[in-house]
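Dropping a structure here in structure tokens format, bear with me for questions.
The values are calculated or read from the model by the stated rules, or taken from the named source; none is laboratory data. Quick caveat, the model's predicted, so the values are computed rather than measured. Every residue, glycine among them, receives a Cβ derived from its backbone with ideal geometry; neighbour counts consider all protein chains shown. Remember, those area values only see protein heavy atoms, side chains included, never the ligands or the DNA or RNA. Shrake-Rupley method; radii C 1.70, N 1.55, O 1.52, S 1.80 Å.
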Amino acid sequence: MKSRPDTGATAQMISLREVRDSDLPTFWEHLSDPAAQHVAAVTRQYHYDRGHFDSHWARIRSNPDVLIRTVLADDEVVGHAAVYGPPDEREVTYWIGRAHWGRGIATAALTALVDLVGTRPLHAHAAADNGGSIRVLEKCGFVITGHGKGFGQARDGEIDEVLLTLN
């Protein structure tokens, strides 16, 4: 699926495709970026350890309940986006490499992803101070439905989270 971002920042062609083995080194580079980890706040062991990363990706790529796609901008791998979880609790997640932030890529990619998924509602979580991610989700039709606390491993402590839903 291809789309143009809804911002005037750059006119790149954004598309999603199946994840390939050759995408994984780029994903590792994105996920292990300490500055991006801090912004995301909620990270997992696979953000810090290549062995855990490889195991995680093998597991999710083989799970038929996970819809995961590589995000391309003008045919360059710039991130990934996924939908996962039980049917009544499906959640979206995405990660765009920091070098590509602020160009409308996440919004275009997430719009394309939710268009692929017929299931509603879809849920998302974001660190309350991650305004960029919250804006992306809201542009894609998600609305804030709650607030909570979570552990932000990248910040080594509890963080405020925003819960969002797309109906």
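Could you run the Karplus curve 6.51 cos²θ - 1.76 cosθ + 1.60 with θ = phi - 60° over segment 143-150 and give me ³J(HN,Hα) per residue in whole Hz, x for Gly and Pro?
My calculation for segment 143-150 gives 10, 5, 10, x, 9, x, 10, x Hz in order.
Starting from the amide H of Met13, placed 1.01 Å from N in the peptide plane, find each other amide H under 5 Å away whose residue is 5 or more places distant or on another chain.
Under 5 Å from the amide H of Met13 lie the amide H atoms of Asp74, each far enough along the sequence or on another chain.
Could I ask something else about it? Distances over 20 Å make up what percent of all Cα-Cα pairs in segment 10-72?
34 percent
To continue, here is another question. Just one of (1) 27, 17, 15; (2) 27, 21, 13; (3) 21, 20, 17 is semi-axes √(5λ) of the Cα gyration tensor in Å calculated from these coordinates, so which is it?
(3)
So if I take the alpha carbon set of segment 80-122, get Rg, then get Rh from the Kirkwood formula, what is the Rg over Rh ratio?
Taking Rg over the Kirkwood Rh, I get 1.02.
Where both residues lie in segment 63-126, what percent of DSSP beta bridges are antiparallel, nearest 5?
Expressed as a percentage, antiparallel bridges in segment 63-126 total about 95.
List the residues whose amide H sits under 5 Å from the amide H of Val19, counting only those 5 or more places along or on another chain, with H placed 1.01 Å from N in the peptide plane.
Under 5 Å from the amide H of Val19 lie the amide H atoms of Thr70, each far enough along the sequence or on another chain.
Which percent, to the nearest 5, of DSSP beta bridges fully inside the chain are antiparallel?
Roughly 95 percent of the beta bridges in the chain run antiparallel, per DSSP.
Can you give me the distance in nm between label points at Glu158 and Met13, each placed 7 Å from the Cα along the Cα-to-Cβ direction?
Between Glu158 and Met13, the label points sit 5.0 nm apart.
While we're here: Around His147, under 10 Å between beta carbons, what's the net of Lys plus Arg minus Asp minus Glu among the other residues?
With Lys, Arg at +1 and Asp, Glu at -1, the neighbours total -1.
Please report the relative contact order for the chain, taking Cα pairs under 8 Å with a sequence separation of at least 6, and give it as a percent rounded to a whole number.
Answer for the chain is 24 percent.
Still on this structure, I have one more. Return the carbon/sulfur percentage of the accessible area of the chain, one whole number, probe 1.4 Å, all protein chains in place.
Using a 1.4 Å probe with all protein chains present, the chain comes out at 49 percent carbon and sulfur.
What's the local net charge at Val19, with K and R +1, D and E -1, over the other residues with C-beta under 14 Å away?
With Lys, Arg at +1 and Asp, Glu at -1, the neighbours total +1.
Rolling a 1.4 Å sphere over the protein heavy atoms, what is the accessible area per residue of the chain, to the nearest Å²?
Using a 1.4 Å probe on heavy atoms only, each residue of the chain averages 50 Å².
Divide by every residue of the chain the summed helix terms, -39500 (n - 2.57) for each DSSP H run of at least 4, and state the resulting mean residue ellipticity at 222 nm, rounded to the nearest 500 deg cm²/dmol.
-8500 deg cm²/dmol
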